[in-house]
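Asker: Can you read through this structure? Questions will come right after.
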Amino acid sequence: MDTASTPPRVLLTGFDAFGEARLADPALNPSWLAVQALHATRIAGHQVIAAQLPTRFDASVAELMRLLRLHRPALVICVGQAGGRNALSLERVAINVNDARIPDNAGMQPIDTPVVAEGPAAYFSTLPIKAMLQALQDAGLAAEVSQTAGTFVCNHAFYALMHALATQRGFKRTRGGFVHVPYLPEQGMPSLPLEDMVRGLHLAIAAALATPHDITKGAGAVS
């Protein structure tokens, strides 16, 4: 890649369908549909590169690492589906544990294993999640800061991303994190229309690029 002739890049990833949704017709994962809609767009002088990750523990990380090396992005946002949530969820923390309630798309179901052996217990997102939350709420979109990304493939990829950005050469200035989106209306309730997911991700990216240091805003949880 000729970095001298290309604009800085935002890497945006979504997942393929998994679980019961994989058996549906059509098989849907709104994270991929929303991410795909932003591919090749320009936001604040950055080119958005959208890519799909497999909902597989090992393969998701291998593909994510390949994409990081290929595109050398300034910003990385991985996006996943969280059925049962009713808002765009900006994830605060990735934890170093796999505890799969269901098998992934390769039939793997790790329980009580680390994402990275001997890695730290957790990583915080380096995205300005409070500024992103403010931008989403100002636009009238349902949004929240989430305190858990689960213990399935989403958290696995999120932790691996943050570990790579923290430990690998060449990524010290790259910021990254994770956003969960709800079901689409055709998948069940609660849900969010696809156009709101796309608009929300666009706004979140713009806010992240415009905010070098996060704002202070209450968005904690009691339980």
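Asker: Assuming R0 = 35 Å, what is the FRET efficiency of residue 33 and residue 217, from their Cβ-Cβ distance, to the nearest 0.05?
Answerer: The value I calculate is 0.75.
Asker: Given the -39500 (n - 2.57) contribution per DSSP H run of 4+ residues, what per-residue ellipticity at 222 nm results for the chain, rounded to the nearest 500 deg cm²/dmol?
Answerer: -9000 deg cm²/dmol
Asker: Treat each spin label as a single point 7 Å out from the Cα along the C-beta direction, and report the residue 109 to residue 173 distance in nm.
Answerer: 4.6 nm
Asker: Dividing the alpha-carbon radius of gyration of segment 1-73 by 2.2 N^0.38 Å (N being the number of residues), what value is obtained?
Answerer: Compactness ratio reported: 1.24.
Asker: Please work out how much length the chain gains when fully extended from residue 6 to residue 41, using 0.36 nm per residue of separation minus the C-alpha to C-alpha distance, in nm with one decimal.
Answerer: The span from residue 6 to residue 41 would gain 11.3 nm if fully extended.
Asker: What figure in square angstrom, to the nearest 10, would you give for the accessible area of residue 125 with a 1.4 Å probe?
Answerer: The accessible area of residue 125 comes to roughly 20 Å².
Asker: By accessible area of protein heavy atoms, probe 1.4 Å, what ranking do 123, 159, 183 get, highest first?
Answerer: 183, 123, 159
Asker: Next question, about the same structure. Give me the net charge for the shell around residue 101: Cβ to Cβ below 13 angstrom, other residues only, Lys and Arg +1, Asp and Glu -1.
Answerer: That works out to -4.
Asker: Related question: How high is the relative contact order of segment 18-66, in percent, counting Cα pairs under 8 Å that sit 6 or more residues apart?
Answerer: 22 percent
Asker: Report, to one decimal in Å, the Kirkwood hydrodynamic radius for segment 84-209 based on all distinct Cα pairs.
Answerer: Hydrodynamic radius (Kirkwood, Cα pairs) of segment 84-209 is 15.5 Å.
Asker: Hey, another quick one. How far is the Cα center of segment 5-43 from the Cα center of segment 193-221, in Å?
Answerer: Each part reduced to its Cα centre gives a spacing of 17 Å.
Asker: Could you work out how much longer the chain between residue 25 and residue 116 gets when fully extended? Use 0.36 nm per residue separation minus the Cα distance between them, nm to one decimal.
Answerer: Answer, rounded to one decimal: 29.2 nm.
Asker: Moving to a separate point now. Leaving out ligands and nucleic acids, note down the accessible area per residue over the chain with a 1.4 angstrom probe, in whole Å².
Answerer: Each residue of the chain exposes 46 Å² on average to a 1.4 Å probe.
The values are calculated or read from the model by the stated rules, or taken from the named source; none is laboratory data. No experiment lies behind these values; they were computed from the predicted model shown. In this analysis, Cβ positions are derived from the backbone assuming ideal geometry, glycine residues included, and neighbour counts consider all displayed protein chains. Surface areas here come from the heavy atoms of the whole protein model, side chains and all, with no ligands, DNA or RNA. Shrake-Rupley method; radii C 1.70, N 1.55, O 1.52, S 1.80 Å.
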